[in-house]
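Student: Got a structure here, written out as structure tokens. Questions coming.
The values are calculated or read from the model by the stated rules, or taken from the named source; none is laboratory data. Bear in mind that the values here come from a model prediction, so they are computed numbers and not experimental data. Please note: Cβ atoms are built from the backbone with ideal geometry, for glycine as well, and neighbour counts cover all protein chains shown.
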Amino acid sequence: MQNKNINYIKAHIFVIFLFASCASPEPAVYTETATLPVPTETATLPTDISTPTNAPVSALERAQYNLNTNIDYDAHTVTVDETIFYPNLTGNQLNTLVMAIVPNLWQDSFSLTSITIDGIASTTYSISGQRLDLVLSSILPAGGIVKIDVQYTLSLPFAEQEDPGISRPRIYGYTPRQMNLTNWYPFVVPYINGEWILHEPWYYGEHLVYDAADYEVNVRFTDPATAPIVAASGAPEKLADSTRYIITAARAFVISASREYQVASLQVGDVKVSSYYYPFNEIPGQAVLQASAEALQVFSQRYGAYPHKTLSIVMADFKDSMEFSALYFHSPLYYDQYDGGFMNYLTFIGVHETSHQWWFEQVANDQAQQPWLDETLATYSERVYYETLHPDLVKEWWIYRVDFFKPQGFIDIPVYDGQGFESYRITVYLKGAHFLEDLRARIGDDAFFAFLQDYLAQGRGKIVMTNDFFRILSQHTGTDYSDLLRKYFQNIYP
């Protein structure tokens, strides 16, 4: 069985390079209680999570987004009444806010109806591409809260249509059998060191940076009788004519809908893990469900607790995999090529995307400028999964997942310097895994996992930088690893 799996990977290794959310019939739902192997090591979590002494006092810990959403599935349109409560946690006075409106990158996709600030209609704003600059009616003091109401309509683009400058497979939009709302609502971008962080999109990698926020999203379909099956960030609550989703301390709220989804679920503690897949894909749909449920348990014990009550795996209708809050999309390539074993990309990338619920969702980073912080950790988390549940396959994982590609280069490059997706992936993801392996060997397992647990604890809900990574690491080891910095990084960090 293992030799068959290895030969299978060899046969497809050159084409698999993507990483990386009338009445329709009821989905086939399979529900059972997960009985997963128990890892041999349980993480001891720090109980004292420090906050900066200069953190402003506010009635809100983070921004709140309330979105009342009406979807016409067949017309591919969405009308939204959005309310944002934004607490000024920057420590500075603000007279402007910068919001990302990613749908505006597609011609005629975003149509703004109105903006009000604390109940007063605003005309002092400007929109250019994905950026909205909003002038506040009065100074927002540190610790103050502003209420912003935005009404708009989305006309979804056909997701397989490419736009200039955005040439990776598109997620936002619709295909003949799937509708995906990703980065679909205006949100206030992070304010770091006196600068609003909103990078330009690139043709691979991710360019957005997200503050953690709380979401309440009410979803109503124009024709409930033909409403599709929905996967979304957060647990659903059925209301009279809509469904409410609530999720806290999340980076991005995503909706995926299809009339063709079938659903299988596993319960892992108080977390419901669900796999949404298309007909004739039940076997790989169940396999990736099992792998993600196992990974959730492994990472909860090795790193720290999973923060949400649901995790959804959505079989994509595009050739890419992508993480979001409590949901990830998984490329159909991996379902088609699944062979029933453990050494395959359905498992590799499913575990990888699951780990982003720690390294992206809980601890965020600048994905455009410092992508190694989440992608290196997510790739190495695959190794942690295999060593815990399939230790006999760790060597093969290194050979066929990483070393086949002969990774080289410095891992701390921005997405813009990757010289193409394949080169970028090999460097940031795969050579990054070797950095963490070398670091672990140098400082020892106890210090390594204590560091990762503390890195999660100190970074939870925040946006970290490379300097934060090494600052926290220095609190757990006095071992010299300067030669590793010279080997793996173009910049030398303290």
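Student: Would it be correct to say that residue 480 is buried (at least 17 other Cβ atoms within 10 Å of the Cβ) and either of a type in the set (Asp, Glu) or in a loop (DSSP other than H, G, I, E, B) (or both)? It would help to see each step written out before you state the result.
Tutor: On the way: buried (at least 17 other Cβ atoms within 10 Å of the Cβ): no; either of a type in the set (Asp, Glu) or in a loop (DSSP other than H, G, I, E, B) (or both): yes.
No.
Student: Please verify whether the range 170-191 includes one or more residues that are over 20 Å from the mean Cα position of the chain (by Cα) and aliphatic (A, V, I, L, M).
Tutor: Checked against the condition, which is being over 20 Å from the mean Cα position of the chain (by Cα) and aliphatic (A, V, I, L, M), the range 170-191 yields no hits at all.
Student: Looking at the range 216-274 only, could you name the residues that are charged (D, E, K, R) and either more than 24 Å from residue 323 (Cβ to Cβ) or part of a strand (DSSP E or B) (or both)? Full working, then the answer.
Tutor: Kept after step one, since they are charged (D, E, K, R), are these residues of the range 216-274: 216, 220, 223, 237-238, 241, 244, 251, 259-260, 270, 272.
Those that are charged (D, E, K, R) and either more than 24 Å from residue 323 (Cβ to Cβ) or part of a strand (DSSP E or B) (or both): 216, 220, 223, 237, 238, 241, 244, 259, 272.
Student: Filter the range 215-226 down to the residues that are in contact with a Ser or Thr (Cβ under 8 Å, 6 or more places away or on another chain) and of a type in the set (S, T, N, Q), then identify the one that is nearest to residue 69 (Cα to Cα). Quick ask: steps written out before the conclusion?
Tutor: Filtering the range 215-226 for residues in contact with a Ser or Thr (Cβ under 8 Å, 6 or more places away or on another chain) gives 215, 217-220, 226.
Cutting the leftovers down to of a type in the set (S, T, N, Q) gives us 218, 226.
Working: 218: 6, 226: 17 Å.
Only one residue tops the list, namely 218.
Student: Is it fair to say residue 254 is surrounded by fewer than 24 Cβ atoms within 10 Å (Cβ to Cβ), of a type in the set (A, V, I, L, M) and at pLDDT 95 or above? Reasoning before the result, please.
Tutor: On the way: surrounded by fewer than 24 Cβ atoms within 10 Å (Cβ to Cβ): no; of a type in the set (A, V, I, L, M): yes; at pLDDT 95 or above: yes.
Considered against the rule, which asks whether it is surrounded by fewer than 24 Cβ atoms within 10 Å (Cβ to Cβ), of a type in the set (A, V, I, L, M) and at pLDDT 95 or above, residue 254 comes out as no.
Student: Regarding residue 142, is this residue of a type outside the set (Asp, Glu), assigned to a loop (DSSP other than H, G, I, E, B) and either over 25 Å from the mean Cα position of the chain (by Cα) or surrounded by fewer than 19 Cβ atoms within 10 Å (Cβ to Cβ) (or both)? So that I can check it myself, show each step before the final result.
Tutor: Numbers: of a type outside the set (Asp, Glu): yes; assigned to a loop (DSSP other than H, G, I, E, B): yes; either over 25 Å from the mean Cα position of the chain (by Cα) or surrounded by fewer than 19 Cβ atoms within 10 Å (Cβ to Cβ) (or both): yes.
Yes.
Student: I'd like to check something: does the range 414-421 contain any residue that is over 15 Å from the mean Cα position of the chain (by Cα), more than 28 Å from residue 201 (Cβ to Cβ) and not in a helix (DSSP H, G or I)?
Tutor: Residues of the range 414-421 that are over 15 Å from the mean Cα position of the chain (by Cα), as a first pass: 414-421.
Checking the rest, the ones that are also more than 28 Å from residue 201 (Cβ to Cβ) come to none.
For the range 414-421, residues over 15 Å from the mean Cα position of the chain (by Cα), more than 28 Å from residue 201 (Cβ to Cβ) and not in a helix (DSSP H, G or I): absent.
Student: Considering only the range 460-469, I want to know if a residue exists there that is more than 25 Å from residue 295 (Cα to Cα), aliphatic (A, V, I, L, M), modelled with pLDDT of 95 or more and part of a helix (DSSP H, G or I).
Tutor: Initially, the range 460-469 is screened for residues more than 25 Å from residue 295 (Cα to Cα), giving 465-468.
Filter once more, so that each one left must be aliphatic (A, V, I, L, M): 465.
Next, from what is left, pick out any that are modelled with pLDDT of 95 or more: 465.
Filter again for part of a helix (DSSP H, G or I), leaving none.
For the range 460-469, residues more than 25 Å from residue 295 (Cα to Cα), aliphatic (A, V, I, L, M), modelled with pLDDT of 95 or more and part of a helix (DSSP H, G or I): absent.
Student: Please pick out the residue among 97, 154 that is in a strand (DSSP E or B), out of contact with any His (no Cβ under 8 Å at 6 or more places or on another chain) and within 23 Å of residue 316 (Cβ to Cβ).
Tutor: On the way: 97 fails: within 23 Å of residue 316 (Cβ to Cβ).
After applying the criteria, what remains is 154.
Student: Something else: Could you give me the residue pairs with C-beta distances under 6 Å whose first residue belongs to the range 411-438 and is under 18 Å from residue 483 (Cβ atoms), whose second residue is among the charged types (D, E, K, R) and buried (at least 20 other Cβ atoms within 10 Å of the Cβ) wherever it lies, and which are 6+ apart or on separate chains?
Tutor: 411/431
Student: Restricting attention to the range 205-214, does a residue exist that is touching a Ser or Thr at 6+ places or on another chain (Cβ under 8 Å), within 30 Å of residue 370 (Cα to Cα) and either modelled with pLDDT of 95 or more or surrounded by 16 or more Cβ atoms within 10 Å (Cβ to Cβ) (or both)? Talk me through it step by step, then tell me what you get.
Tutor: Going through the range 205-214, the residues touching a Ser or Thr at 6+ places or on another chain (Cβ under 8 Å) turn out to be 214.
Okay, now just the ones that are also within 30 Å of residue 370 (Cα to Cα), so 214.
In the following step, the residues that additionally are either modelled with pLDDT of 95 or more or surrounded by 16 or more Cβ atoms within 10 Å (Cβ to Cβ) (or both) were identified as 214.
Yes: the range 205-214 contains one or more residues that are touching a Ser or Thr at 6+ places or on another chain (Cβ under 8 Å), within 30 Å of residue 370 (Cα to Cα) and either modelled with pLDDT of 95 or more or surrounded by 16 or more Cβ atoms within 10 Å (Cβ to Cβ) (or both).
Student: May I pose another question? Within the range 275-300, count every residue that is at negative phi, surrounded by fewer than 21 Cβ atoms within 10 Å (Cβ to Cβ) and not in a helix (DSSP H, G or I).
Tutor: The number of residues fulfilling the criteria is 3.
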